[in-house]
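K.L.:
Following this message is one structure expressed as structure tokens.
No value in this document is a laboratory result; all are computed from the given coordinates. Remember, it's a predicted structure, so these values are computed and weren't measured experimentally. FYI the Cβ positions are ideal-geometry reconstructions off the backbone, even for glycines, and counts take in every protein chain you see.
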Amino acid sequence: MPMEFFNQNQNILLVSIVVVSGLGLLWPLLARSNKNEVNPAEATLLINREDAHIVDVREADEFAGGHLPEARNIPLAKLADRVSEIEKYKDKPVIVCCAAGMRSAKGCGELSKLGFGRVYSLAGGVDAWVGAGYPIKKGTRNK
């Protein structure tokens, strides 16, 4: 009797729809390539609850075009040379961001090698932050 359920074309279609829908709901959890990625909402919680420090690894002109409030701009190419600027945050959460998330993942790896224990990459970067409706600041003022 249970096999009759799957032998009918309509039921096969319904089962397929259920399976595809379930995978669609689970995909964001399965697709997260880096366990140290945080989305804008998670980043906001780290900032508000644990006083996370934000390092923007984009170039200065990109940073000036719009950045997360309170972010410090240290371009990825200069991160190792300028690590002394954020040394005091080694034991605190540090959120690394860029335009879309590629450079920030590299920056997280570099900071981890330099002894930072809690580094997170902003998944989707500043683009995701803006897309989620969070505020940005413009200008070059480094904090």
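K.L.:
Please give the contour-minus-distance gain from residue 60 to residue 18: 0.36 nm per residue of separation, less the Cα-Cα distance, rounded to one decimal in nm.
P.N.:
10.3 nm
K.L.:
For 84, 21, what ranking results if the residue with the fewest other Cβ atoms within 10 Å of its Cβ goes first?
P.N.:
Ascending Cβ contact count within 10 Å gives the list 84, 21.
K.L.:
³J(HN,Hα) across the range 95-111 via Karplus (A = 6.51, B = -1.76, C = 1.60, θ = phi - 60°), whole Hz, x for Gly/Pro?
P.N.:
9, 9, 9, 8, 5, 10, x, 6, 5, 5, 5, 5, x, 4, x, 5, 5
K.L.:
Further, regarding this structure: Going by average Cβ neighbours within 10 Å, how do the peptides 106-112, 61-67, 117-123 rank, with the highest at the top?
P.N.:
In decreasing order of mean packing, 106-112, 61-67, 117-123 become 117-123, 106-112, 61-67.
K.L.:
Under a crude label model (7 Å from the Cα following the beta-carbon direction), how far is residue 51 from residue 39 in nanometres?
P.N.:
Taking the simple label geometry, residue 51 and residue 39 are separated by 2.9 nm.
K.L.:
Now a separate question. For the residues 35, 113, 92, what sequence is obtained by ranking on other C-beta atoms within 10 Å, fewest first?
P.N.:
35, 113, 92
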